[in-house]
1. When you go through (1) farther than 16 Å from L367 by Cβ; (2) under 16 Å from the mean Cα position of the chain (by Cα) one by one for G277, which number turns out not to apply?
2. Collect the residues in segment 156-213 that are closer than 30 Å to L41 by Cα, at pLDDT 75 or above and out of contact with any helix residue (DSSP H, G or I) (no Cβ under 7 Å at 6 or more places or on another chain), keeping them in residue-number order.
3. Collect the residues in segment 467-494 that are more than 20 Å from R383 (Cβ to Cβ), of a type in the set (A, V, I, L, M, F, W, C) and not in a loop (DSSP other than H, G, I, E, B), keeping them in residue-number order.
4. Does R335 fit the bill of being among the charged types (D, E, K, R) and touching a residue at least 40 places away in the same chain (Cβ under 8 Å)?
5. Look at K409 and say whether it is surrounded by fewer than 15 Cβ atoms within 10 Å (Cβ to Cβ), at negative phi and not in a helix (DSSP H, G or I).
6. Determine if segment 128-145 includes at least one residue that is in the same structural domain as I310 (by TED's automatic domain parsing), assigned to a helix (DSSP H, G or I), buried (at least 23 other Cβ atoms within 10 Å of the Cβ) and modelled with pLDDT of 85 or more.
7. Residues in segment 202-213: is at least one within 25 Å of the chain's Cα centre (by Cα), crowded, with 22+ Cβ neighbours inside 10 Å and without any contact (Cβ under 8 Å) to a residue 40 or more places away in the chain?
8. Where in segment 294-397 are there helices (runs of 4 or more DSSP H), lying wholly inside it, with at least 3 residues that are surrounded by fewer than 19 Cβ atoms within 10 Å (Cβ to Cβ) and within 20 Å of the chain's Cα centre (by Cα)?
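The values are calculated or read from the model by the stated rules, or taken from the named source; none is laboratory data. Predicted model, so just to flag it, every value in this text is computed and none were measured. Cβ placement follows ideal geometry from the backbone for every residue including glycine, while neighbour counts extend to all protein chains displayed.
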Amino acid sequence: MKKVMNKKGTIGILQITRFGDLIQTLTACKELKEQYPEYELLLICRESFGKPLEFILNKTFDKIIYLNLKEIIETPKSIQPGIKNISNFIENINNENLDILINLSWSLSSQYIATMIKAKNYMGLKVDRCLRPQTKDSWSTLVFSSVMRGLLNPFNIIDIYKGILGVKRELHAEVVQSPDLSETLIFHPFASQEEKTWSIDKWVEIIYQLLKKNPSLIIHIVGSKKDHHHCESFIKSKLLIPYQERIKMDIGTRSIENIYELALKSRLFVGSDSMVGQLCAFAGLQTLTLSKGSVRPHETTPYGSKNYNIMLKDQKRDLPYNLVIASIQQLIEERAISYNNLKKVVPIKSLRLTNIYESYFSREGFLSLKELQGNEDLHSSFRIVYKILWAYYINNIEINCTPPKLTKKNINQLKNYLPAFEQLFELIDFGKKYSLYIYNELEKDSPEMNILKEYSEKLTEIDHLQIYLRNNFPLLGPIVDFFTVKKANLSGSHIEEIAGQSVLIYEDYSNLISALYELVINIIKVNDDDFKKQISREVNE
């Protein structure tokens with residue numbers, strides 16, 4: 001345990017999910033520690049994931065308490081030993097006298113654990129006395145309403161962690177470019193789910209073409225012990241036999257620390273969406289992620305500028321290997337991917353199968369993705385407006401974005417949402433009115449229960465209508481869900497205080513819907529001159 005000079009307090013970080021989540025947590029907490037070195041950072045994580053990462057975790061966290069699931073789950077016939085082990089685990093944490101506990105795990109089990117831990121303050125998700133999920137801060141509300149419920153979250157997971165932690169946005173991790181002389185590439189052709197990766201044959205073809213064109217290139221293929229059975233596919237491939245001396249098989253033989261050390265002196269990482277990509281980015285290595293399946297590039301692209309992510313549009317298809325080879329070659333030669341240069345060597349049919357994203361840090365400090373082909377659609381448009389909305393509402397940060405260029409079909413789809421905005425605004429207005437009625441009734445010396453019941457039933461009806469509207473207009477889901485979670489987490493020392501908070505939440509809800517509506521109107525105006533003229537005439541009249 002490291003001793004913190006002039007210690008002001010202890011912050012507990014609960015992260016009991018897997019390697020990738022732990023590295024993302026470390027990335028955010030590293031900046032927290034740099035900004036607030038006088039606070040002791042205590043990490044609570046699973047032993048099976050934390051121990052192999054101690055070599056970097058110990059540089060940021062002052063103390064680590066491990067959760068050993070085997071000791072809790074794999075007990076003899078009686079459950080008593082497991083109960084005793086979890087009690088000892090919680091007691092060890094409670095002895096630390098936490099000033100604040102921040103739960104960055106989003107699993108149900110972590111919410112239960114967070115509730116058992118004693119702290120003066122809490123951030124992140126926990127459960128209430130009725131075992132219902134509970135959160136107080138707006139960033140965690142965003143997690144519960146957007147990240148866990150759909151595809152419209154506009155923020156990288158690390159930026160959300162930083163928001164929950166209170167990290168100042170002017171500090172962010174830029175990729176430290178590897179030495180130009182390095183001719184080493186790290187390949188990780190595996191993933192936790194089969195749907196997220198290619199067949200080995202495709203990887204063999206890519207490696208062959210790269211080694212053939214680049215005579216001094218060395219490729220390290222890394223993976224865990226469970227991936228070791230793939231070794232023969234690379235070793236016995238007829239295509240790769242002439243290049244075996246330049247292919248280093250590190251599947252199941254290198255520790256995570258060894259892979260990190262390799263990343264420090266390599267040129268590029270290429271692989272599936274995985275922990276290894278996050279680790280390499282933390283080491284400052286440029287990354288190219290090949291995304292298949294249920295990957296969300298805006299959330300999980302490795303944290304750093306000039307990292308790339310190639311995402312299939314149609315998951316029934318396969319990534320075109322000629323596009324991947326051309327992209328890697330550009331990164332080897334130029335450290336960047338140019339879409340114009342890709343068009344010279346890759347058939348347009350192959351390019352249309354994918355979205356190619358380049359990461360960069362915005363002026364406001366958020367990691368953002370630029371789509372190189374300019375393939376904007378309704379989802380990407382709403383991600384932009386939600387990013388503007390949430391950044392301002394949660395952190396009072398103004399984001400300036402260029403309005404997306406949309407097709408006529410997309411614009412017509414967007415126009416179809418305008419009546420839904422008006423209906424939602426009316427529902428919110430009614431909600432605010434009935435919440436105020438309840439508050440005023442409770443302020444009376446003798447409030448009438450039948451009136452309170454009537455108004456409460458009206459609010460329930462309004463909630464049901466909002467859900468109906470959300471289901472028919474799913475792009476409104478994030479804002480409807482956000483305030484649904486907000487209302488579900490109302491608390492106070494007496495019912496009048498809760499009623500007053502309800503009025504304020506509806507007021508915020510109303511303001512944000514108005515702002516969202518205006519942002520959508522501006523996108524339509526930029527893309528539709530006739531609509532712009534129509535709006536101008538209405539304003540003048």
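1. Every condition holds for G277 apart from (1).
2. Across segment 156-213, the qualifying residues are D159, G166, R169.
3. I467, L469, A488 - these are the residues of segment 467-494 that are more than 20 Å from R383 (Cβ to Cβ), of a type in the set (A, V, I, L, M, F, W, C) and not in a loop (DSSP other than H, G, I, E, B).
4. Working: among the charged types (D, E, K, R): yes; touching a residue at least 40 places away in the same chain (Cβ under 8 Å): yes.
In short, yes.
5. Values: surrounded by fewer than 15 Cβ atoms within 10 Å (Cβ to Cβ): yes; at negative phi: yes; not in a helix (DSSP H, G or I): no.
Judged against the criteria, K409 is not a match.
6. Initial filter on segment 128-145 (in the same structural domain as I310 (by TED's automatic domain parsing)): none.
Checked segment 128-145: no residue is in the same structural domain as I310 (by TED's automatic domain parsing), assigned to a helix (DSSP H, G or I), buried (at least 23 other Cβ atoms within 10 Å of the Cβ) and modelled with pLDDT of 85 or more.
7. Pass one, segment 202-213, residues within 25 Å of the chain's Cα centre (by Cα): none.
No, the conditions are met nowhere in segment 202-213.
8. Details: elements: 297-300, 321-334, 339-345, 348-351, 378-395.
Counting at least 3 such residues, we get 378-395.
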